[in-house]
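Colleague: Below are the structure tokens for one structure; questions will follow.
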Amino acid sequence: MDHERLQGFLYDMLLARAFEERAAQEYTQGHIAGFLHLYPGEEAVAVGSIRAAEPSDYIVSTYREHVHALIRDIEPKKIMAELYGKSTGVSRGMGGSMHLFDKERRFMGGYAIVGETFPIAAGIGYSILYRHLPEVVLCYFGDGAVNQGTFHESLNMAALWKLPVLFICENNHYQIGTEIHRHSAVVDVYKRAASYAIPAEQVDGMDVEQVYAHTHSALDRIRAGGGPYLLEFQTYRYRGHSMADPGAYRPPAEVRAFGGQDPILLATRELARHNPPSKSAQASDPAMDVIQQHIDKGFAAGHWQQEDVATMKAQIQQILDEAVAFAQSSPSLSMDDAVYLANQNHAHEVLF
Amino acid sequence: MATWPMISVMGGDTSHVSCTDEEALRIYQDMVVLRAFDEKTLTLQRQGRVGTFAPSLGQEAAEIASAHALEPMDWIAPSYRDHGALYVHGLPLDQVILFAMGRSGSYAAGVRALPSSIPIATHLLHAVGLAYALRQRAEPQVAMAYFGDGATSEGDFHEALNFAGVWQVPVIFFCQNNGWAISTAVSHQTHSETLAQKAVAYGIEGIRVDGNDALAVYGVVREARERATEGGGPTLIEAVTYRMGPHTTADDPTRYRPSGELEGHRAQDPLIRLGQYLAGRSILSAEDQERMAADSRDRINEAVARVEAMDPVAVEEMFRHVYQVMPNRLARELRDWGAN
């Protein structure tokens, strides 16, 4: 995989991580209200899959969708403003954290209800098929959503009608505090697809290159008229389910074990493999454990990536500072705005 | 990937639990009753004496043999077409007819059957709940849900089978694949080659059986029951059969059924097949068959006469039946109705 793409992945993941950590900070300071579900640990999935898609493809995501929106190149400041509930937000402040929406970028929404993405993706897929367009819908969902009736009904129809939908399971193994084996007798989500005669694969979701490659070939196959496909990415969230959940139900050793596979670290190492560091730097290569610590140590030796990553981080820091300043200085919604926006849907409206 | 062969005992498969000649005769007799019940009720509906009715013509083996494989203390959760299973499970004929006639009265006490479910697939979840309760109480019984091919596309099917799988409760999902969900053919219902393979997604046993082979149906349900009561978890059974009549009395299958399809299935009529099998074993004569048919008609006519002599359901029942404490809005409507 070429250097530029790998560097792009690294930038994307650093941005994703930094954005989410900043959102958490803003939340704890009381600037953001309501729900906030964060993505740290799962960055490789959104980055690898969305970068493999075309701008003409559609994305339907869940309530943990800030990063999907960021990687879809929605401006960070418009997402931050949305979290703040300001009128300059991407959903004009009416959606908040769980309802980012941008029809220009075919980002067809974050959805708050578990399992809500399936029928919406199937519907968009049907309209693509109906118009014979070479487009695909990327439909994201978690491991908990697969037991919803909507999963069953939508996958059945998608297979029956050969809809161009890529079902992407972000399997982080926990439905809030319910570990997968407690809600599913079959814990390998990809096996569920057999029931609908949909081809499926299980992929390491902590490896951005693999995520990219598998998504790319799945999209090619769908675009060629092969019908729906399901990818299960095995991943892990480092934080709790939402800001209201400390995630204390997970054994610390388990969290550490997955932290050792931090996707940002893997991408950093891949870069290093293409540009081998000096001997002294290799010797100081640390053991796998907490992400940030690893990244810092890996570049402490001062080879060129350190500068590269530092520059990236500085850029990102600036982008986020500007995003927060933008959100803070943006006007709040008034009651009049709410009434006006509530009446914006029209009969026969075409969204895309 | 696993294949899903169709189990057929009459076709020579001897690896399944066998049905004694006495049991097979009892199954045949009840199948005759069900066919006579169908014919009678259809006539009554055309005369305006019963409401909408879903006949079982062509599905008698699946319906009757499956219920014979259960024990009296097992629970069944039937759908609207399962008059036969209810009857075999202990519901008196009068009560079965009552359902279609709108007479006052209620289910016989002591019969472990839920009221027939009109919505598609909602009762699969109830069956899982019943099975969960059986396990909690350490009762060595099973719950069995009856449903059709169309129900397998419902979200409730998915949620029910998942919970059954993860909790490993003693439940049997008995799907009669009769080829048609009203006017939707199975090929328009799902891209899966079989319905039995859907069990894979839930980590449970999936079985495909010739649903017009009463002995095979009996055998696989018996085996599923044993597995469930021994802690082996749930089973999805796809009984492949054919609906020879309309979906209900409100349906005209000639509008959608390809010409010739029905004729092709006549040779598979489960009543004829079991009759020939039993005749071949010299335990059922032509006279026996005629006598059984005549007896069944007499019993049904008597039951109809008894039910028709009962009072019709009072309109007030509609109001009283919904809430334990009637809300003001309904009370007002009831008063208004009384005033007219």
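Colleague: Assuming 1.567 mPa s and 4 °C, estimate D for region B:177-272 with Stokes-Einstein, Rh taken as the Kirkwood radius over Cα pairs, in µm²/s.
Modeller: The diffusion coefficient I find is 86 µm²/s.
Colleague: Residues of B:185-191, mean number of Cβ from any other protein chain within 10 Å of their own Cβ, rounded to a whole number?
Modeller: 4
Colleague: In the protein assembly as shown, what is the volume of the convex hull around the alpha carbon atoms, normalised per residue and reported in Å³?
Modeller: Taking the convex hull of the Cα positions in the protein assembly as shown, it is 208 Å³ per residue.
Colleague: Can I ask one more? If I take the Cα coordinates of region A:3-259 and project them onto the principal axes, what are the three extents in Å, biggest first?
Modeller: Computed over the Cα atoms, the extents are 49, 40, 40 Å.
Colleague: Looking only at other chains, what is the average number of their beta-carbon atoms within 10 angstrom of each beta-carbon in B:200-211?
Modeller: Taking all residues of B:200-211 together, the mean is 3.
Colleague: Quick check for region A:45-166: number of Lys pairs with alpha-carbon distance under 18 Å, counting only pairs 8 or more apart or on different chains?
Modeller: Lysine pairs, 8 or more places apart or on different chains, close enough: 4.
Colleague: How much net charge surrounds B:Val209 when only other residues with a Cβ under 11 Å from its Cβ are counted (Lys, Arg +1; Asp, Glu -1)?
Modeller: It works out to a net charge of -4.
Colleague: Please give the net charge around A:Val255, taking every other residue with its beta carbon less than 10 angstrom from that of A:Val255, where Lys and Arg add +1 and Asp and Glu add -1.
Modeller: +3
Colleague: Turning to a different aspect of this structure: How long is region B:52-169 along each principal axis, judged by its Cα atoms, biggest number first, in Å?
Modeller: 40, 31, 28
Colleague: Can you tell me the alpha carbon radius of gyration of chain B divided by the globular rule-of-thumb value 2.2 N^0.38 Å?
Modeller: Relative to the rule-of-thumb radius for its length, chain B sits at 1.01.
Colleague: A further question follows. Work out how much length B:Arg26 to B:Glu308 would gain on full extension: take 0.36 nm times their residue separation and subtract the Cα-Cα distance, in nm to one decimal.
Modeller: Once the chain is fully extended between B:Arg26 and B:Glu308, it gains 98.7 nm.
Colleague: So, one more: For B:Trp75, which sequence-distant residues (separation of 5 or more, or a different chain) have an amide H within less than 5 Å of its own amide H, given hydrogens modelled in the peptide plane?
Modeller: B:Val142, B:Ala143, B:Met144
Colleague: Between the alpha-carbon centers of region B:177-254 and region A:7-34, tell me the distance in whole angstrom.
Modeller: If you average the Cα positions of each part, the centres end up 50 Å apart.
Colleague: Ranked highest first by the average count of other Cβ atoms within 10 Å around their residues, in what order do B:72-82, A:74-84, A:312-322 fall?
Modeller: Taking the mean over residues of other Cβ atoms within 10 Å, the ranking is A:74-84, B:72-82, A:312-322.
Colleague: As an exercise, use a Förster radius of 35 Å and the Cβ-Cβ distance of A:Ala33 and A:Thr311 to find the FRET efficiency, rounded to the nearest 0.05.
Modeller: That pair, A:Ala33 with A:Thr311, gives E of 0.55.
Laboratory data are not the source of any read-out in this text; all were calculated from the coordinates shown. In this text the structure is predicted, and so the values were computed from the model without any measurement. When we count neighbours, we look across all protein chains shown, and the Cβ atoms used for this are built from the backbone with ideal geometry, even at glycine.
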